[in-house]
Number of protein chains: 2
Amino acid sequence: MAPATPRQHGNREALAPDPALQDAGFDPHLPDVDYGVLDSLVGYAIRRAQIRIYEDFVTSLAPWQITPPRFSALIIIARNPHLKLTDLARILGIARSGAVLLVDALEAMQLVERRPAPADRRAYSLALTHGGRKTLEAVTEAVRAHDARIAQALSPEEQATLKSLLSRLGMPPPAA
Amino acid sequence: MAPATPRQHGNREALAPDPALQDAGFDPHLPDVDYGVLDSLVGYAIRRAQIRIYEDFVTSLAPWQITPPRFSALIIIARNPHLKLTDLARILGIARSGAVLLVDALEAMQLVERRPAPADRRAYSLALTHGGRKTLEAVTEAVRAHDARIAQALSPEEQATLKSLLSRLGMPPPAA
């Protein structure tokens, strides 16, 4: 088990890109900067891509005020009836406290509602509102367009290769 | 420009993985879950990989309490003398407020110090302490080992392909 300290800080340090960067855009390779070992790490290559994708996502979805975590939550809630908050956190790989913030925001936007869970009087399950379903249709189209634009430099075959290689990260080495 | 609201929320929602997930580990494809469109998005494939990498990184670096943002900051500060806080934020693609938190944590860990900037009496530049340099040597070895382990299912050629494909995300389409 890791000690609690770095994770607590990690929560605060897992930062969204700077809003001020939006106009210029994040430059992953500034010309006068020495990135040292970062340039050789798979992990940092993914971080660089993630920032660029996040920027384009937030810009593209600005009319709906939808961020990547909000979109993922809406899809998971829409596709999986009677989901509880702990399920949502586990599926998305986030802390329960983060899922609470997410659902609070989506509830305030009148996209999601908490409903009493039939089997457990203390619990509730998550559901999209009627407005949430309508919004998610439009939002999904915008996200598809964003994702296609982000990957537009890659051929369909290269996109499939990229997804396949990504899915093998963290896997055990191939059997000898 | 996107309105401020989603980015403010985005900062809070860009969440580190759940500490409680650490023992079991994040499962990017839970068997009974319907991921809908998420399964087809390049952006979500990257998010899944990022969570797994983050988990392994934090576990591997637990002896030093080093998170990915802390490591990136240490490397950039070590390799680029006389760096200011705004430079660090721009290079890492994070908000200035986030860079302040990062540097505060690294200063509390006695790895980084703020030094008066010669050219501007109101500013300061960032530098590693003597202890910070020693620590960064050991930490860099641990990060290299983590990164190699994360990518151990891929051949060297596949790793190069992955990095190349990632670097082309967000680029314009190829000229027809």
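The values are calculated or read from the model by the stated rules, or taken from the named source; none is laboratory data. Predicted model only: the values in this text are computed from it and were never measured. Note: ideal-geometry Cβ built from the backbone for every residue, glycine included; neighbour counts use all protein chains shown. Surface accessibility is based on the protein's heavy atoms, side chains included, excluding ligands, DNA and RNA. Shrake-Rupley method; radii C 1.70, N 1.55, O 1.52, S 1.80 Å.
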Output for Cβ contacts, cut-off 7 Å, separation at least six or different chains, first residue of a type in the set (Ser, Thr, Tyr) in segment B:132-161, second at pLDDT 95 or above, reads B:Thr135/B:Trp64; B:Thr135/B:Leu111; B:Thr140/A:Val37; B:Thr161/A:Thr161; B:Thr161/A:Leu165
Inside segment A:95-127, can you point out the residues that are out of contact with any Gly (no Cβ under 7 Å at 6 or more places or on another chain) and of a type in the set (S, T, N, Q)? A:Ser97, A:Ser125
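Quick one: how many residues across segment B:121-150 are in a strand (DSSP E or B) and of a type in the set (A, V, I, L, M)?
So the first thing to find is which residues in segment B:121-150 are in a strand (DSSP E or B), and the list is B:121-128.
The next check asks that each one be of a type in the set (A, V, I, L, M); those that pass are B:123, B:126-128.
Going through segment B:121-150 one residue at a time, the tally reaches 4.
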For segment B:10-43, which positions are under 17 Å from the mean Cα position of the chain (by Cα) and modelled with pLDDT of 95 or more? B:Gly43
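Residue-wise test of (1) in contact with a strand residue (DSSP E or B) (Cβ under 9 Å, 6 or more places away or on another chain); (2) within 14 Å of chain A (Cβ to nearest Cβ); (3) surrounded by 16 or more Cβ atoms within 10 Å (Cβ to Cβ).
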residue	(1), (2), (3)
B:Asp120	no, no, no
B:Ala123	yes, no, no
B:Ala127	yes, no, yes
B:Arg133	no, yes, no
B:Glu137	no, yes, no
B:Ala145	no, yes, no
B:Ala153	no, yes, yes
B:Leu169	no, yes, yes
B:Ala175	no, yes, no
Test B:Asp120 against the stated conditions and say whether it is modelled with pLDDT under 95 and among the acidic types (Asp, Glu). yes
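Do any helices (runs of 4 or more DSSP H) lying entirely in segment B:16-107 carry at least 1 residues that are under 30 Å from A:Ile75 (Cα atoms), within 7 Å of another protein chain (Cβ to nearest Cβ) and open to solvent by less than 20 Å² (accessible area, probe 1.4 Å), and which ones are they?
Numbers: elements: B:42-60, B:68-79, B:85-92.
Correct list: B:42-60.
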